[in-house]
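The structure appears below as structure tokens.
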Amino acid sequence: MKFIAKPVMTTKEIMNGVSRKVRVIQSVVCGVVIGFICGFVGAGGGMMMLLILTSVLGYELKTAVGTSVFIMTFTAFTGAVSHFTIGGMPDIICLVLCIIFTLIWAEIAARFANKAAPITLNRVTGAVLVILGLPAVRWD
């Protein structure tokens with residue numbers, strides 16, 4: 001909801017205005033908090049990192065999304081390798097389809113993100129995150 005109600009309009013100039021020491025301390029503290037939460041409840045942490053990167057560390061939304069996805073790639077890869085090592089093999093057709101559609105939609109999303117205004121990108125990101133979070137809401 002934050003991205004919809006109060007879009008992140010940070011620029012690289014503003015981000016570079018904060019001292020390196022402060023950014024390092026904030027990064028370490030936020031990383032420890034997110035790591036503790038993820039380890040304690042088993043969450044992935046990618047969306048928490050996105051919120052921290054934009055709200056606390058002052059990253060531009062495009063940079064924050066890219067950084068978050070880059071980090072999540074290693075988490076997903078490690079989990080997949082562990083899963084395959086213990087004998088869990090995916091349905092190959094499903095795996096191939098997931099790879100194909102991920103590549104297609106990543107290209108479409110990247111083209112949209114590069115052309116969109118920052119406020120539009122914020123609102124679309126917020127809407128996607130709200131939709132992704134709906135299954136976690138208890139409706140009873």
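Give the residue that is surrounded by the most Cβ atoms within 10 Å (Cβ to Cβ), with candidates limited to residues of the range 11-40 that are under 20 Å from Leu129 (Cα atoms) and among the aliphatic types (A, V, I, L, M). Only one residue fits best here, namely Ile34. Comparison of Trp139, Trp105 shows that the only residue that is modelled with pLDDT under 85 and aromatic (Phe, Trp, Tyr) is Trp139. Can you find a residue that is surrounded by 10 or more Cβ atoms within 10 Å (Cβ to Cβ), of a type outside the set (Phe, Trp, Tyr) and more than 25 Å from Gly133 (Cα to Cα) anywhere in the range 97-113? No. The selection criterion, being open to solvent by less than 60 Å² (accessible area, probe 1.4 Å), at pLDDT below 85 and touching a Pro at 6+ places or on another chain (Cβ under 8 Å), does not hold for Pro90.
Of everything listed in (1) farther than 18 Å from Gly31 by Cα; (2) loosely packed, with under 10 Cβ neighbours inside 10 Å; (3) not charged (D, E, K, R), the single unmet condition for His83 is (2). I'd like to check something: does the range 41-61 contain any residue that is over 30 Å from Val18 (Cα atoms), out of contact with any Gly (no Cβ under 7 Å at 6 or more places or on another chain), free of Cβ contacts under 8 Å to residues at least 24 places away in the same chain and open to solvent by 60 Å² or more (accessible area, probe 1.4 Å)? So far as the range 41-61 goes, yes, one or more of its residues are over 30 Å from Val18 (Cα atoms), out of contact with any Gly (no Cβ under 7 Å at 6 or more places or on another chain), free of Cβ contacts under 8 Å to residues at least 24 places away in the same chain and open to solvent by 60 Å² or more (accessible area, probe 1.4 Å).
The values are calculated or read from the model by the stated rules, or taken from the named source; none is laboratory data. Quantities reported herein were computed from a predicted structural model and do not represent experimental measurements. Neighbour counts are summed over all protein chains in view; Cβ atoms, including those assigned to glycine, are modelled from backbone coordinates with ideal geometry. Quick note on the areas: whole protein, heavy atoms, side chains included, nothing else; ligands and nucleic acids left out. Shrake-Rupley method; radii C 1.70, N 1.55, O 1.52, S 1.80 Å.
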